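One structure is given here, and the rest of the page talks about it.
The values are calculated or read from the model by the stated rules, or taken from the named source; none is laboratory data. Treat the numbers as computed from the prediction; the structure is a model and nothing was measured. Every residue, glycine as well, gets a Cβ built from its backbone with ideal geometry; the counts of neighbours run over all protein chains shown. Protein only, heavy atoms only, side chains kept; ligands, DNA and RNA dropped before computing areas. Shrake-Rupley method; radii C 1.70, N 1.55, O 1.52, S 1.80 Å.
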Amino acid sequence: MGNFLGLVRNENMKIYRRVRTWVMLGILAFCNAILPVLFSMVDSGGQTTLWDSVMLTASFTFYLCTIFSVIVAADSVAGEFSWGTIKLLLVRPWSRSKILLSKYIAVILFSLLCTLLLAAVAMLASSIFFAGGGESSLIGPGESGSAFTFRYLLCDYVNLFMTVAIAFMLSTVFRAGGLSIGLALFIMFAKGIFASLFNPDRYGWAKYLLFSHMDLSGYLKADEGPGGATLGFSLAVLAVYYIVFMAVSWYVFHKRDVAA
């Protein structure tokens with residue numbers, strides 16, 4: 001167990017010793033700090049509450065959070081092949097499964113750090129310019145602002161989590177960081193278009209597509225999603241796709257002659 005934790009620590013060092021990582025975290029913190037300032041400047045009527053500001057800020061900056069996490073995920077495996085450092089990992093007494101798992105855990109830890117940084121800075125900046133009380137236009141009457149915001153951020157993180165899983169799989173399969181980033185970001189921005197084209201309300205089979213279930217925020221205000229799907233059904237679909245993505249990553253990484 002200690003050796004595996006050391007492997008995870010080594011993968012984290014690869015991420016955080018790069019200037020690129022700190023630039024991305026700095027950009028994320030800056031954007032989450034400046035957006036509440038801009039919202040306060042246009043909120044002439046004083047209608048925006050603290051939790052409104054946090055959710056509006058997160059709705060913009062979670063795209064950045066996802067993009068940065070995708071960049072790290074796409075580079076985690078493909079970067080080893082590009083630099084030829086994968087050979088240095090293979091000569092050590094670690095199985096390929098442990099190597100791949102340690103890389104994935106490091107990526108997930110980075111995505112969690114980005115999400116926590118996003119939430120903390122957005123809440124701190126919003127608390128300076130907006131009051132915590134008042135009637136919110138984004139939160140239903142009688143609901144706790146903090147609880148609703150937490151669920152909203154959790155839904156956004158599920159979206160990020162699945163996008164990162166796609167990027168990690170593509171990085172393992174294609175061994176090309178640029179291609180993995182491009183395809184993952186294409187899926188992130190085009191999933192809404194695909195969900196509209198293949199609407200489960202029109203096509204019954206479309207309710208089994210990944211794109212229809214990546215955004216779970218609709219369940220915050222409704223019990224049913226696209227095509228009459230429930231939250232449990234959407235989570236089950238996401239779980240199946242996630243298992244497939246991880247299985248493909250593991251299979252390709254094991255079967256490919258990574259030392260060549």
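Just a few scattered comments:
- So ALA74, is it out of contact with any strand residue (DSSP E or B) (no Cβ under 7 Å at 6 or more places or on another chain), in a helix (DSSP H, G or I) and at pLDDT 85 or above: yes
- All conditions but one from (1) open to solvent by less than 30 Å² (accessible area, probe 1.4 Å); (2) at pLDDT below 85; (3) closer than 19 Å to SER249 by Cα; (4) aromatic (Phe, Trp, Tyr) apply to PHE81; the one that does not is (1).
- Of everything in segment 194-232 that is touching a Lys or Arg at 6+ places or on another chain (Cβ under 8 Å), without any contact (Cβ under 8 Å) to a residue 40 or more places away in the chain and of a type in the set (A, V, I, L, M, F, W, C), the residue that is farthest from ALA165 (Cα to Cα) is ALA229.
- Sole exception among (1) within 29 Å of ASN32 (Cα to Cα); (2) assigned to a helix (DSSP H, G or I); (3) of a type outside the set (S, T, N, Q) for MET169, by number: (1)
- Residue pairs meeting the criteria (Cβ under 8 Å; at least 6 apart or on separate chains; first among the aliphatic types (A, V, I, L, M), in segment 154-169; second not in a helix (DSSP H, G or I)): VAL158/MET214; VAL158/LEU216; MET162/MET214
Each row is one residue, and each column tells you yes or no for (1) at pLDDT below 85; (2) closer than 19 Å to THR66 by Cβ; (3) surrounded by 16 or more Cβ atoms within 10 Å (Cβ to Cβ); (4) aromatic (Phe, Trp, Tyr).
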| site | (1), (2), (3), (4) |
| --- | --- |
| GLY182 | yes, yes, no, no |
| ASN199 | yes, no, no, no |
| GLY232 | no, no, no, no |
| PHE245 | no, yes, yes, yes |
